[in-house]
Amino acid sequence: MEDKLLDFLRARREAAAEAAKKAKEKSGYAMLSYYHFKAKDEPYKNALSVLKNEGMAELNKSLRDEYRKYTNDLKVKETTQKEFQDIVGKIEVVGEIIIFIRENKV
């Protein structure tokens, strides 16, 4: 089952990188999408590393810790557009992984 999770993480990371690349090419207002999708690389990379090197139990702990950190970082009144896109992109990734694990009983 962990292989299915690894495939999911790799595929989602690649899709986010492609979306970031396309948004950057458009520039202008699309740069907000670029920041959003570019930010997703870090949590996908971390999840892949933790899963491969430390296992599923540590990944679950890491995801909970990251979720708390990112949601605490989200202070809309004090956040720029770029920072907002970065934080929300990371929150999405952590949420996607948690939901994938739950739905696929990994």
When region 14-56 is checked residue by residue, the ones that are farther than 12 Å from K90 by Cα and among the hydroxyl-bearing types (S, T, Y) are S27, Y29, S33, Y34, S49
Tell me which residues, restricted to region 27-54, are assigned to a helix (DSSP H, G or I) and loosely packed, with under 12 Cβ neighbours inside 10 Å.
G28, Y29, N53
Could you check, for region 76-91, whether at least one of its residues is among the polar types (S, T, N, Q), at pLDDT 95 or above and surrounded by fewer than 19 Cβ atoms within 10 Å (Cβ to Cβ)?
no
Residue pairs within 6 Å by beta carbon, gap of at least six or interchain, first lying in region 73-88 and closer than 12 Å to Y34 by Cα and of a type outside the set (K, R), second at pLDDT 95 or above and in a helix (DSSP H, G or I), listed first then second, are Q81/L32; Q85/L32; Q85/Y35; Q85/H36; D86/Y35; D86/A39
Is there any pair with a first residue in region 46-63 that is closer than 15 Å to D7 by Cα and a second that is surrounded by fewer than 19 Cβ atoms within 10 Å (Cβ to Cβ) and at pLDDT 95 or above whose Cβ atoms are under 6 Å apart and which are 6 or more apart or on different chains, and what are they?
V50/E58
Restricting attention to region 1-26, the residues that are in a helix (DSSP H, G or I), more than 11 Å from the chain's Cα centre (by Cα) and within 20 Å of R102 (Cα to Cα) number exactly 9
Could you grab me the full set of residues in region 92-106 that are surrounded by 14 or more Cβ atoms within 10 Å (Cβ to Cβ) and either touching a Gly at 6+ places or on another chain (Cβ under 9 Å) or charged (D, E, K, R) (or both)?
E92, E96
Find all pairs meeting these conditions: Cβ atoms under 8 angstrom apart; at least six residues apart or on different chains; first residue within region 1-21 and farther than 12 Å from K40 by Cβ and charged (D, E, K, R); second residue in a helix (DSSP H, G or I) and modelled with pLDDT of 95 or more.
E2/L51; E2/M56; R10/L48
Filtered residue count, region 27-45, keeping only those that are touching a Gly at 6+ places or on another chain (Cβ under 8 Å) and free of Cβ contacts under 8 Å to residues at least 40 places away in the same chain:
0
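The values are calculated or read from the model by the stated rules, or taken from the named source; none is laboratory data. Quick caveat: nothing in here was measured; it's all calculated off a predicted structure. Reconstructed Cβ throughout: ideal geometry from the backbone, glycine too, with neighbour counts over all protein chains shown.
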